[in-house]
Amino acid sequence: MARVTIDSLRKEYDVGRVVAVDDLDLEIEDGEFVTVVGPSGCGKTTTLRMLAGLEKPTSGTIEIGGEDVTDVHAKNRDVAMVFQNYALYPHKTVFENMEFGLRMSTSMSKEERERRVVETAEMMDIDELLEDKPDELSGGQKQRVALGRAIVREPDVFLFDEPLSNLDAKLRTTMRAEIQRLQEELDITAVYVTHDQEEAMTMGDKIVILNDGKLQQVGAPNTVYNEPANRFVGGFIGSPSMNFLEVAVEQSGDRLMLDDGDGFRYELSSEYSTSLPVGAGDSVILGIRPEHIFPADGDGIETTVKVVEPVGSDNYLYLDLGEDVDEFMARVPADFKPEPDECIEITLADRDIRLFDAETGDSLL
Ligand code: ATP
């Protein structure tokens, strides 16, 4: 069992001036593929390096398979790490690179090591490359070798630090699928760090979102997308990003109305109005995804189109919602293509609306 339990894990640098990881709690189940995502400097790599034993936590504990490994040396932890820059030994062949970890960490016989390397190389489709040196390989091949070297050791936990960042877009997609296939086939526990929210969403059973060293939300991709815990998660997950608008809540008969005071007025249904934890007089942040803004034919919110950006299947419309709103975008079907400066009507649906606390940014729903 390779369940990983992280408890109040903290890492400070520069005598506490930088808090890279701020009291992180996290549970990773055996066989689970967890992606860790967040903007540059949010503490992703530091977290991974503490799991690997390459960085000593300031406080907190890490358990792997029920054993407290917080003070266990990296080479005595049953984890394998795959890096962005492959970290292959340039003077060793592919075979030697893959065999090296086995030699270091086990007392396996030479024959057994050879059998394992060849078997893994076949699985990774790099068996033709075993005699080559790393500089004879393409980026994609190098990353396969780096993966093979991790897999051959059959560790309890795999740690991936942005392993696909150096590959071109097409190869990245292929390798993503490959890693997912291997993960399912080998039923491995994996922690996969990426700054790419799309990669995190497509690969993870569970996504961990960090910002500023702090945990923002943990959940299945659908959950963090549809029910973001706060404004940061709403804006970070999903592309193009969620739109935000500061609105006042007003009473209109038995319904609530959201009004930005600059032409955006949206009336919620009476059922929805009563179920919301907000009332007249409150000021909140409305969050709405671009794909949840629909063209309306009368009775909608009037707005002017600033820019139309065709992206093939859809058009992105940049809408003018007054001076105080930097960007408000709608993603509409390609056959709806207004002209710039055209006045159009838009509408929303109650169920797609997210509301955040104007002060804390926490979700109110
Ligand atoms: P990126 O996506 O850019 O790799 P990250 O999310 O992996 O970023 P970390 O590398 O974990 O972020 O860094 C978290 C914070 O800790 C940053 O503010 C960084 O500057 C700081 N930091 C990391 N390593 C050190 C160090 N050795 N000494 C001082 N500060 C450090």
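Some notes on this structure:
- Whether a residue is out of contact with any strand residue (DSSP E or B) (no Cβ under 6 Å at 6 or more places or on another chain), polar (S, T, N, Q) and more than 16 Å from the ligand (Cβ to nearest atom) was assessed, and SER109 passes this test.
- The lone exception for TYR272 - which of (1) touching a residue at least 60 places away in the same chain (Cβ under 8 Å); (2) assigned by TED's automatic domain parsing to the domain that holds MET201 it fails: (2)
- Annotation note: of LEU147, LEU102, the sole residue that is in the same structural domain as THR61 (by TED's automatic domain parsing), touching a residue at least 60 places away in the same chain (Cβ under 8 Å), over 28 Å from GLY60 (Cβ atoms) and more than 16 Å from the ligand (Cβ to nearest atom) is LEU147.
- Filter pass, ASN97 being surrounded by 14 or more Cβ atoms within 10 Å (Cβ to Cβ) and within 25 Å of GLU55 (Cβ to Cβ): yes
- Residue count for segment 320-341, restricted to those that are modelled with pLDDT under 95 and closer than 18 Å to ASP262 by Cα: 10
- Identity of the residue in segment 193-207, of a type in the set (Val, Ile, Thr) and in a strand (DSSP E or B), that ends up nearest to the ligand (Cβ to nearest atom): VAL193
- Selection within segment 164-191 - surrounded by 19 or more Cβ atoms within 10 Å (Cβ to Cβ), within 16 Å of the ligand (Cβ to nearest atom) and modelled with pLDDT under 95: LEU164
The values are calculated or read from the model by the stated rules, or taken from the named source; none is laboratory data. What you are looking at is a predicted structure, and each value in this text was computed from that prediction instead of being measured. Glycine also receives a Cβ, built like all others from the backbone with ideal geometry; neighbour counts cover every protein chain displayed.
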